[in-house]
Amino acid sequence: MADVELSVIAPCYNEEGNVDVLVRRALATFASMGIRGELVLIDDGSKDRTWDCISEAMKAHPEVRGVRHVKNRGIEGGWRSGLDHARADVICLIDSDLQNRPEDIQRLWETYKREQVDIVQAVRHPDGLEKHRLLFSRGLNLMLNVTFGTHLKDSKSGFILCRKEVFRSILDHKYRYRYFQSFIGAAAGVRKFTIAEVDTPFEQRHAGQSFLADFPVRVVTRIVWELAKFRVETLTDPRHRRRS
C-alpha cells in the first residue's frame, strides 16, 4: 500500500454488529475524499465475534488493519495500540458504534487542512443525544470550561483529527483515568494546542449497547472525582506543558 495519508483508529468492544458497516462507510469516505486512508480496528478483548469480523474485513480490504487485545484494556489502551499501528502521520479517532458518522471524517480533514490547527474536534449535535446524556454532557462541558479556562462546545467529544504525535502527547501527560475520553479537550487546552470545532450529527448506536446505557451514578461520580484529580495534576505537574 502506498504512503498512507490518514489513519482512522476505532477501538471495538463487542461490536460484531457494527464492524462491517463501519468498514464499508469508512472506505467509501476515503474514496470520496480522494486520499490514501487506512482503518485501524482494535478488538479490545471482545467476547463476541468482533475479531472474526475484523479478520474478514482485513482479508477483503488492504486498507483495513486489525489489532487484537486478549484482555480488555479500556479506551485508552485501544487508542495507544491504534497509534502504535497507524502508518499515517495524521490520525482520526472515531467510535466504532457509528454514533459518529464515518462520512464526517471528510469534514474534519478539510477543516484541518484549511485552518492549520493542531486538533479538529467534532461537536455532537444535541438532537442526537438522549435527554439525560445531553444534560450530563452540557454539565460536564461547563465544568471543564470553567475549570480550565477553555471555551469548547463539546470538550468530551472523542471524534477528533490531529497529528499522531499531538495525540500521543495528550495521552502521555496524564496519570490513570477510568474515563479519559471525558478529558481530551481539557488536556489539549492544558497543552495549549489549537483546536477547531466542527458541528456534526450524533446518531443512535447502530447495534449493541453502550457502557453508559443505564447511566449509572457510579460513572458520574467517578468522572467528577477524576475532574478534581485532573485539575490538581495540571497545576502541580511540570510535564503539563506543550511539547515542541
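Taking the stretch 58-79 as the search range and keeping residues that are β-branched (Val, Ile, Thr) and surrounded by 15 or more Cβ atoms within 10 Å (Cβ to Cβ), which one is farthest from Arg168 (Cα to Cα)? Talk me through it step by step, then tell me what you get.
In the first step, residues of the stretch 58-79 are kept if they are β-branched (Val, Ile, Thr); the result is 64, 67, 70, 75.
Within this subset, residues satisfying the condition of being surrounded by 15 or more Cβ atoms within 10 Å (Cβ to Cβ) are 64, 67, 75.
Working: Val64: 22, Val67: 18, Ile75: 14 Å.
In this case the residue turns out to be Val64.
For the criterion of being farther than 14 Å from Ser7 by Cα, assigned to a helix (DSSP H, G or I) and polar (S, T, N, Q), Ser46 fails. Hey, any hits in the stretch 31-39 for a residue that's modelled with pLDDT of 95 or more, surrounded by fewer than 21 Cβ atoms within 10 Å (Cβ to Cβ) and of a type in the set (Asp, Glu)? No, that holds for no residue.
Within the stretch 66-79, the set of residues being assigned to a helix (DSSP H, G or I), more than 10 Å from Ile42 (Cα to Cα) and either among the small types (Gly, Ala, Ser) or modelled with pLDDT of 95 or more (or both) comprises just one member, Gly74. Scanning the stretch 21-43 for residues being within 19 Å of the chain's Cα centre (by Cα), aliphatic (A, V, I, L, M) and in a helix (DSSP H, G or I) gives a total of 5. Can you say whether Ile9 is in contact with a Pro (Cβ under 6 Å, 6 or more places away or on another chain) and touching a residue at least 12 places away in the same chain (Cβ under 8 Å), as far as the supplied structure shows? So Ile9 fails the test.
Selection of the stretch 87-136 for residues being part of a helix (DSSP H, G or I) and either modelled with pLDDT under 90 or touching a Lys or Arg at 6+ places or on another chain (Cβ under 6 Å) (or both) yields Pro102, Pro126, Asp127, Gly128, Lys131, His132, Arg133, Leu134, Leu135, Phe136. Can Leu22 be described as closer than 19 Å to Ala60 by Cβ, out of contact with any helix residue (DSSP H, G or I) (no Cβ under 6 Å at 6 or more places or on another chain), crowded, with 16+ Cβ neighbours inside 10 Å and in contact (Cβ under 8 Å) with a residue 40 or more places away in the chain? Considered against the rule, which asks whether it is closer than 19 Å to Ala60 by Cβ, out of contact with any helix residue (DSSP H, G or I) (no Cβ under 6 Å at 6 or more places or on another chain), crowded, with 16+ Cβ neighbours inside 10 Å and in contact (Cβ under 8 Å) with a residue 40 or more places away in the chain, Leu22 comes out as yes. Is there a residue in the stretch 99-114 that is in contact (Cβ under 8 Å) with a residue 12 or more places away in the chain, of a type in the set (D, E, K, R), farther than 18 Å from Arg25 by Cβ and surrounded by fewer than 21 Cβ atoms within 10 Å (Cβ to Cβ)? No, every residue in the stretch 99-114 fails to be in contact (Cβ under 8 Å) with a residue 12 or more places away in the chain, of a type in the set (D, E, K, R), farther than 18 Å from Arg25 by Cβ and surrounded by fewer than 21 Cβ atoms within 10 Å (Cβ to Cβ).
The values are calculated or read from the model by the stated rules, or taken from the named source; none is laboratory data. These figures come from a predicted structure and were not determined experimentally. Cβ sites come from the backbone with ideal geometry, for glycine too, and all protein chains shown count toward neighbours.
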